[in-house]
Structure formats: structure tokens, C-alpha cells
Amino acid sequence: MKRFLGILLSAMMLLSLMAGCAAPAPVAAAEPAPAAEPAAAAEPAPAAEPAASTERVVIKFAAQGDSTPATQAVVDAYNASQEAYTVEWVDMTNDSGAMREQILTSMQSGSSDYDVLSMDVVWAGEFAAAGYIEPIDQLMKADGLKVSQFNAGSMTAGNYNAKQYTLPFFPDLGLLYFRKDVVSAEDAAKLVSGDYTYADLTAMAETYKGQGDTTDGIVFQGKLGECLVCNLTEYTNGWTDVEGGLTAMKAMVDSGAAPADILNYAEGETANSFVKGASVFARNWPYQWGVIASEGTIKQDQVDVAPLPGGSTVGGWLLGINKNSVNKEGAWDFMKFVATAEGQKIMSVQGGYLPGFNETLKDADVIASNAMLSMPGFQNALATTISRPVSAQYSKAADAIMNAGHAYLSGGSELAAAVSEIEAALQN
């Protein structure tokens, strides 16, 4: 029995030991972890803002045709000088009257087709009065530019109602030509300095008439027309002394120093007389210098030039900004470039145009490009230019002036009547 109990106890211990060594029951499989959400595709980075456009603003420059390379050269130089603007030259007709009508038609319609305008000196008053061009006083002040830096007559021509509207593109001017192989050195020096009067000139013309194989003492433009307005501008010292100017011109006409038909002389007749050696003195424009070289019986080394006693009437062209331009800042930037040192040098050296920026008159390259600029009398004339009347209705004023002046000079009216009519035209 004892033995049976021992065996039973041993068996129980063995079973207990086996149970302790059995592999543990498998653990229930864990719920598979949810699949990771695919990472959201990264939002594409916003495209970089495009760089500010580097496209240049186009500035339209309405200017007459140019047989020289100068106008295109000054446009090209400006375009190469900066990156904000591109100037395009609108090549207009060379017919001044047709060009004026074309520009007027555009501006009357309120068009901004043109930003910068080239204008004959006598158009500025009309365009300013009509509100077609922009005043530039404040623009000049902001850039440190002064009226005194530019050709005086050109600036006066572009000043209307005490506001400045234009800068010179290129001036032209009246001159006194004289035979320096005939006139004494003393009188020549007086003429070149400009320190003489019309009475002095009349006396000289009478004295030298007939010398050096000449037949006339002096020739000028007395013909009814715009040329007479230019001459009257000079005799009246820029319309500051209408009565004195008319009296002086009448004395010249009646002196016998001028041809009997001087009141039929325009520029062509004047040039022909002088270059063929028929006259000692001649009032004409700079182009006559070239005519002496190409067609003259006399030679350039026999001739000198001088300013006129009352100042030299300015001709030529001006620059202005279209009031309707949507690019006025660029228009001014280009206009300023053309009218100041760099632009004026290009116009002078490449085109032979006279500078309207006074500093340029001293430039050695500019002087070398135009023989007349080396002549003291020519430089003195450029320094004393004056303007024809600046009027909202220039054509009407000029017609009244030339008719009244010619009537008096020809003996068809009295001095008082001529003065009254001219002064009325100037006031209107």
C-alpha cells in the first residue's frame, strides 16, 4: 500500500513538472496595425512670381525727315543709354505745312500717337495756347536745368504766357554777311562785336557801295512774306521798339545803298547778289555760307559774318511733349537727352545742325564739324538770338505784321498807321 502511495505521489509530481515546462498558449494575434496613411503629396511650391517685366516702354518721336544720319543716331544713342524706354522715330514729311496739319489733326482728336514732337519755332505759341503741349517748367527745375543754358531766341519762341513749353531741337538764325576784303579792319571789328546800330550799318553800306566791283551796298529780305517778318523782328529788336525799327528799315530802303527793288528780295535774291559779288553786305541765314563755296564768284576767305544790331531772328525747330502722352516721364527723359550736351553734340557732329545747348558751342568736336562755329561773329550772333512773335494765332499775326510793314516801307501808308496795326497784331 505504502508502495502504491509512493508511486502515485511520484506520478503526480511528474505531471506537475511537465505542465510547468509546456509551451504557453499562443497569444491571440494582434489586430494588424492600420496601414499607414500614404503621406499626402506635398503641395507644389507656388511658382515664383515672374520677374518684373523688362520690356521697355515705347516712346514715339514725331520728327521731320533727315537726310543726314543725325536724328537716327541720337535716337540710337538714347536707346543704348538706359533700359526703361525705347524711342521710335515717326518719320514725318519734310513739308512744314503738311507736317503741322498732320500733328494738329492728331492732337485735336486727343490722340496719344506721338509722345515727343518736333515743332517749327512759330508753332509753339499756337500749340501751347490750345493745350496741346505740356509745360516743362517744373520738369526743368527738378533736373536742375535753366533757361539760360539754352539758345535764348529758341527758348523765347517756346515760352507762352510766362510758361516754358519747349527746348531747342536745333536753331537757325539771321546773320549779317560782309566782304572783309572791302570793309576796313576797324569797321569789321565793330560789326563782329555787334556793337553797332542800323544807322551805322546804313552809313557803311553807303560808304562801301561800288568798292570791290560791287554794285550794291546791302541786300536783305524786303519782300512781302515771312522773310519780311524775320527782318522786322531784327529791326525792332524783338518787337520792343516798333516805331524805331520801322523808321530804321525805311531809312535803309530809301538810302540808295540797297537795290531799287529791294522790296521784292527774298532769301534767294539776297544770296544770289552776295555770292556773285554784287553787294558788300547781306542779311541772310547760315545756308548762304555753303552757297558761297558751291556757287560763289567770291570765296569764303573774302567773307565774314556778324550779329545783327537788334539781335538775330531765330529759326529752326523745337521739342515739346504731347499733353495727351501716356508716357510723359519717358517723353521728358528723351527730350532732355536730345536737347542737352550729348544729344546736341550728336546732332551737330553727325548732321551739321547748330547746337541749341550753349555748353555744346565750346565743344572742340562740334566746332571742328562746322566751320562757322569758329567765327567769333557767328558765336556772338548765336548768343543774341531773338524770337518772332509768340502767338496763339501766329499766321494771322504774321500776315497783319508783314502787310502793315510792307505798306509803310513801300510808301503806301504812314508810320503811325503801320505802328498801330503791328502793335494790335502783337497784342492779339
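The values are calculated or read from the model by the stated rules, or taken from the named source; none is laboratory data. This is a predicted model, so every value here is computed, not measured. Glycine also receives a Cβ, built like all others from the backbone with ideal geometry; neighbour counts cover every protein chain displayed. Accessible surface areas use protein heavy atoms only, side chains included; no ligands, DNA or RNA. Shrake-Rupley method; radii C 1.70, N 1.55, O 1.52, S 1.80 Å.
Brief remarks on what is shown
- Answer from TYR177, TYR160 - the residue that is aromatic (Phe, Trp, Tyr) and over 17 Å from the mean Cα position of the chain (by Cα): TYR177
- Pick from region 317-340, criterion open to solvent by 10 Å² or more (accessible area, probe 1.4 Å) and in a helix (DSSP H, G or I), ranking: nearest to LEU167 (Cα to Cα): LYS336
- Filtered residues of region 134-156 (kept if in contact with a strand residue (DSSP E or B) (Cβ under 6 Å, 6 or more places away or on another chain) and over 22 Å from SER112 (Cα atoms)): PHE150, ASN151, ALA152, GLY153, SER154
Every residue, every condition in (1) at pLDDT 95 or above; (2) within 30 Å of ILE321 (Cβ to Cβ); (3) in a strand (DSSP E or B), yes or no:
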{"position": "MET155", "(1), (2), (3)": "yes, yes, no"}
{"position": "LEU176", "(1), (2), (3)": "yes, no, yes"}
{"position": "VAL182", "(1), (2), (3)": "yes, no, no"}
{"position": "GLU186", "(1), (2), (3)": "yes, no, no"}
{"position": "LEU191", "(1), (2), (3)": "yes, no, no"}
{"position": "TYR196", "(1), (2), (3)": "yes, no, no"}
{"position": "ASP200", "(1), (2), (3)": "yes, no, no"}
{"position": "ALA203", "(1), (2), (3)": "yes, no, no"}
{"position": "GLU206", "(1), (2), (3)": "yes, no, no"}
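- Close Cβ contacts (under 7 Å, 6 or more residues apart or on different chains) running from residues in region 397-413 that are more than 14 Å from VAL242 (Cβ to Cβ) and open to solvent by less than 40 Å² (accessible area, probe 1.4 Å) to residues that are assigned to a helix (DSSP H, G or I) and of a type outside the set (A, V, I, L, M, F, W, C) comprise ALA398/GLU226.
- Qualifying residue in region 132-140 (condition: in a helix (DSSP H, G or I), surrounded by fewer than 20 Cβ atoms within 10 Å (Cβ to Cβ) and modelled with pLDDT under 95): no
- Contact map, region 101-119: residues that are more than 15 Å from GLY65 (Cα to Cα) paired with residues that are among the hydrophobic types (A, V, I, L, M, F, W, C) and open to solvent by 10 Å² or more (accessible area, probe 1.4 Å), Cβ distance under 7 Å, separation 6+ or inter-chain. Pairs shown: SER112/VAL326; TYR114/VAL90.
- Test result for PHE274, in a strand (DSSP E or B), open to solvent by less than 10 Å² (accessible area, probe 1.4 Å) and modelled with pLDDT of 95 or more: no
- Residue match in region 392-408 (condition: part of a helix (DSSP H, G or I) and more than 25 Å from ASP120 (Cα to Cα)): yes
- Within region 277-291, the set of residues being surrounded by fewer than 22 Cβ atoms within 10 Å (Cβ to Cβ) and of a type in the set (A, V, I, L, M) comprises ALA278, VAL291.
- Those residues of region 143-162 which are more than 25 Å from LEU361 (Cβ to Cβ) and without any contact (Cβ under 8 Å) to a residue 24 or more places away in the chain, in sequence order: ALA162
- Residue in region 368-391 that is part of a loop (DSSP other than H, G, I, E, B), free of Cβ contacts under 8 Å to residues at least 40 places away in the same chain and on the phi < 0 side of the Ramachandran plot present: yes
Table: residues versus (1) open to solvent by 50 Å² or more (accessible area, probe 1.4 Å); (2) in a loop (DSSP other than H, G, I, E, B).
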{"residue": "ALA80", "(1), (2)": "yes, no"}
{"residue": "TRP89", "(1), (2)": "yes, no"}
{"residue": "ALA98", "(1), (2)": "no, no"}
{"residue": "GLU101", "(1), (2)": "yes, no"}
{"residue": "SER106", "(1), (2)": "no, no"}
{"residue": "SER111", "(1), (2)": "no, yes"}
{"residue": "TYR114", "(1), (2)": "no, yes"}
